[in-house]
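Working notes for the structure below.
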2 protein chains.
Amino acid sequence: MSLDFSFTYQSTQPQRSRLGTLVTPHGVVKTPAFIFCGTKAAVKGITPKQLRDAGTQFILSNTYHLMLQPGADAVAYHGGLQKFTGWRGPMLTDSGGFQIFSLGHGSVANEIKGKRQSKLQKSLLKITEDGATFRSYIDGKKWHLTPEESITIQKKLGADFIVVLDECTPFNVDKSYTERSMHMSHRWAVRSLNKFNTLNVQGNQRLYGIIQGGIFQDLRIESTDFVNSQPFFGHAIGGSLGASQSQMYDIVHFTSERLDANRPIHLLGIGGIKDIFNGVKCGIDTFDCVHPTRVARHGGALVKPENNPHPSSREHINLFNAQYLNDDTPIEKDCGCETCQTFTKGYIHHLLKAKEMNALIAISIHNIYFMNKMMEEIREGLQNQNLDQVEKKWSYAH
Amino acid sequence: MSLDFSFTYQSTQPQRSRLGTLVTPHGVVKTPAFIFCGTKAAVKGITPKQLRDAGTQFILSNTYHLMLQPGADAVAYHGGLQKFTGWRGPMLTDSGGFQIFSLGHGSVANEIKGKRQSKLQKSLLKITEDGATFRSYIDGKKWHLTPEESITIQKKLGADFIVVLDECTPFNVDKSYTERSMHMSHRWAVRSLNKFNTLNVQGNQRLYGIIQGGIFQDLRIESTDFVNSQPFFGHAIGGSLGASQSQMYDIVHFTSERLDANRPIHLLGIGGIKDIFNGVKCGIDTFDCVHPTRVARHGGALVKPENNPHPSSREHINLFNAQYLNDDTPIEKDCGCETCQTFTKGYIHHLLKAKEMNALIAISIHNIYFMNKMMEEIREGLQNQNLDQVEKKWSYAH
């Protein structure tokens, strides 16, 4: 196993889009690519073999969940995430910050299921220059996460790519809070880099810096210049991306334009079809979002506009709907996934009504294949200079 | 697709054991074989592809659950169970009687999860010569199931093999109840045959008769002579098999010995490893039981005695046990299943603790492969006249 990492790209049309090759010790990722969420060291309901068969290149796991259970030392004991999970391809861990802060701010309450909002809001106890103090959602135990500790934990988890701890501010804070928070996140990033350089003596990991600044262009510029000036391997666009799709597109556009083009750019938490096409045109190399697998667990199957009876409302169909009981066609007739080759919408509807986990598995397999196939066709579109045709096939106008 | 059915066998050693070939329009089953339970038209957590990859030959589904949801007409609309489920191999449905009567008698309460015992005991309303009246566990609606209606429903479900409706008496009833019930079940069997002959004009199904008689040898003899005298394709040994393993072995032994050897013999609801070796020696051709997949959903992984630290207690290990957190070996080091090729016991323990369905899926894949591999080695043992060595490897002495 080579410990080489590299990122190379060729610029393509339109706009700042590009085709990249992200080399890791666990394999090569062709970009633009989608990263699927294996929150607790597993993509819910799907085996590594099924992930590979569905064309998956790249998985992420959540430091927050894994530090609490089974603990970073347990994962390290088992040789790190890839040996532990049996997924031998490229992996990324986040810093743990998103869950701690978003739960604390109460804005992403459904991140952890089965917990009442009131309980969640108490989980974040204190944010200081040193780090964040919070309570475990499992047993209420108090934890203190510093930038250095996040890197230490991510070192033990052992993913190829790891991320600096930052404060994730919610959408509704004002500019002065956003600015102070961003400056603290920058100081945390330097501390993260220092700790990373101390620990990464084997050279088997690479560190991403995060661009903050919320919806404020001058802050985004400052944060972009900051990460460019630091020796990060890659950059991730984080923080609030605004209240509307157009505001998000503006932020992604002017942020990515200013980022060092020689480093891979990740857009955190974005997985809508239209949003991905926009991101690709801005030069985003990788995307992640729980959406494809989470919506599957609620009966939602991603479909192309031509396979959606209501393409103006959303990018999936809901197989819970009674109309699907007598539907003897697959989710998408032109789909090559195991689910569409095996099951009808009527059968999956039955499984959902009968509360069989096979429904969630079947839809997840489809949604994962769907995203991977779309990214593959995006890469072909960039290669063949016809991304507009690919976009017409996959993307929604709304 | 040929609509031929046949059963041929060669006698082997020891005792009345035999190697058989059960031909169906959906494929050939090499016997002795194990039939896995896909209660609601799905083996919980496992796709048809995973079933095939784990060596599965034969699946059963439960008429009781399917008649209530999605309903037999819905399954028929989708072309029958094999087209509906995507499992294109041989299938069997039961009559619906086991769930109706065992729930009514309160003896198999855990057949349906999440319902309180008190509610279940009310589900069976009345048994008359005509049939059984019960309430749906889903919506409380009243249903009346007759022998003819069970055949009609099973015709719509469309499995290769279907079964006569019988009254399943619990262990604790006396001989006179058992005898009266058996006689009624015999009358129901004749009604079932008559209905079957009317409906099976396409010849795409075959009917099994059931031997009742509880733990009473003279009743078992009478019931065996009855089924032998009727034009069933195959026979299933049903009813109470006693309170102890040795009583069960006695009943299986003297019942199977008397059964028409030219018809396949199924042993209903038996899936213990030692029990299967006993059954094979008595000439049983097929077995079914929820055990391998149900125990998996409770963290239980089937292992051979040499891989069990406590072989005297039970035929599985419980991966919930804290000792497995730091176990970096597969469930069985000599197992070729996807789970043992991919995951350690430590990882599956983590998944169980984290309440990830991937744990249940991983253990189910192992347990299904385990049962299929054992049956394959049993067949090889019969062929090579060394079943005793196969038994020593797989079976528990307790």
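Please state which one of A:322, A:301 is touching a strand residue (DSSP E or B) at 6+ places or on another chain (Cβ under 9 Å), of a type in the set (A, V, I, L, M, F, W, C) and at pLDDT 95 or above.
Numbers: A:322 fails: touching a strand residue (DSSP E or B) at 6+ places or on another chain (Cβ under 9 Å).
A:301 is the lone residue from the list that is touching a strand residue (DSSP E or B) at 6+ places or on another chain (Cβ under 9 Å), of a type in the set (A, V, I, L, M, F, W, C) and at pLDDT 95 or above.
For residues that are modelled with pLDDT of 95 or more, hydrophobic (A, V, I, L, M, F, W, C) and in a loop (DSSP other than H, G, I, E, B), tally how many sit in region A:228-248.
Qualifying residue count, region A:228-248: 2.
Counting just the residues of region A:187-214 that are out of contact with any Ser or Thr (no Cβ under 6 Å at 6 or more places or on another chain) and among the β-branched types (Val, Ile, Thr), which one comes out surrounded by the fewest Cβ atoms within 10 Å (Cβ to Cβ)? Walk me through how you get there before you give the answer.
Here is the first cut: in region A:187-214, the ones out of contact with any Ser or Thr (no Cβ under 6 Å at 6 or more places or on another chain) are A:187-210.
With the extra rule that they be among the β-branched types (Val, Ile, Thr), the set shrinks to A:190, A:198, A:201, A:210.
On the way: A:190: 14, A:198: 12, A:201: 7, A:210: 28.
Among those residues, the one meeting the criterion is A:201.
Looking only at residues in region A:55-74 that are within 12 Å of chain B (Cβ to nearest Cβ) and within 21 Å of the chain's Cα centre (by Cα), which one is surrounded by the fewest Cβ atoms within 10 Å (Cβ to Cβ)?
Step one: of region A:55-74, the residues within 12 Å of chain B (Cβ to nearest Cβ) are A:61-62, A:65-66, A:68-71, A:73-74.
Now restrict to residues that are within 21 Å of the chain's Cα centre (by Cα): A:61-62, A:65-66, A:68-69.
Details: A:61: 26, A:62: 22, A:65: 21, A:66: 27, A:68: 20, A:69: 17.
Only one residue fits best here, namely A:69.
Would you check which residues across region A:1-34 are more than 19 Å from the chain's Cα centre (by Cα), closer than 18 Å to residue A:253 by Cβ and not in a strand (DSSP E or B) and list them?
Within region A:1-34, A:12, A:13, A:14, A:15, A:16, A:17 qualify.
Inside region B:339-359, can you point out the residues that are over 16 Å from residue A:71 (Cβ atoms), aliphatic (A, V, I, L, M) and more than 8 Å from chain A (Cβ to nearest Cβ)?
Listed by number, the residues that qualify are B:348, B:359.
Whether any residue in region A:101-113 is farther than 22 Å from residue A:267 by Cα, at pLDDT below 95, away from chain B (no Cβ under 14 Å) and not in a loop (DSSP other than H, G, I, E, B) is what I want to check.
yes
Scan region A:7-46 residue by residue and report those that are within 14 Å of chain B (Cβ to nearest Cβ), among the hydrophobic types (A, V, I, L, M, F, W, C) and touching a Leu at 6+ places or on another chain (Cβ under 9 Å).
Residues of region A:7-46 within 14 Å of chain B (Cβ to nearest Cβ): A:36-46.
Still in the running and among the hydrophobic types (A, V, I, L, M, F, W, C): A:36-37, A:41-43, A:46.
Result: A:36, A:37, A:41, A:42, A:43.
How about region B:77-91: which of its residues are within 11 Å of another protein chain (Cβ to nearest Cβ) and within 13 Å of residue B:155 (Cα to Cα)? Give the steps one after another, and end with the answer.
Filtering region B:77-91 down to residues within 11 Å of another protein chain (Cβ to nearest Cβ) leaves B:77-79, B:81, B:83-88.
Those that are within 11 Å of another protein chain (Cβ to nearest Cβ) and within 13 Å of residue B:155 (Cα to Cα): B:77, B:79, B:81.
Residues being of a type outside the set (Val, Ile, Thr), without any contact (Cβ under 8 Å) to a residue 24 or more places away in the chain and assigned to a strand (DSSP E or B): count how many of those fall in region A:121-146.
5
Which of the residues belonging to region A:249-271 are assigned to a helix (DSSP H, G or I) and surrounded by fewer than 20 Cβ atoms within 10 Å (Cβ to Cβ)?
So in region A:249-271, the residues assigned to a helix (DSSP H, G or I) come out as A:249-258.
Of everything in region A:249-271, those that are assigned to a helix (DSSP H, G or I) and surrounded by fewer than 20 Cβ atoms within 10 Å (Cβ to Cβ) turn out to be A:249, A:250, A:253, A:254, A:257, A:258.
Looking at region A:295-338, which of the residues that are within 13 Å of chain B (Cβ to nearest Cβ) and among the acidic types (Asp, Glu) is surrounded by the most Cβ atoms within 10 Å (Cβ to Cβ)?
Looking at the filtered set, the residue picked out is A:338.
The values are calculated or read from the model by the stated rules, or taken from the named source; none is laboratory data. Quantities reported herein were computed from a predicted structural model and do not represent experimental measurements. Cβ: placed from backbone, ideal geometry, glycine included. Neighbour counts: every protein chain shown.
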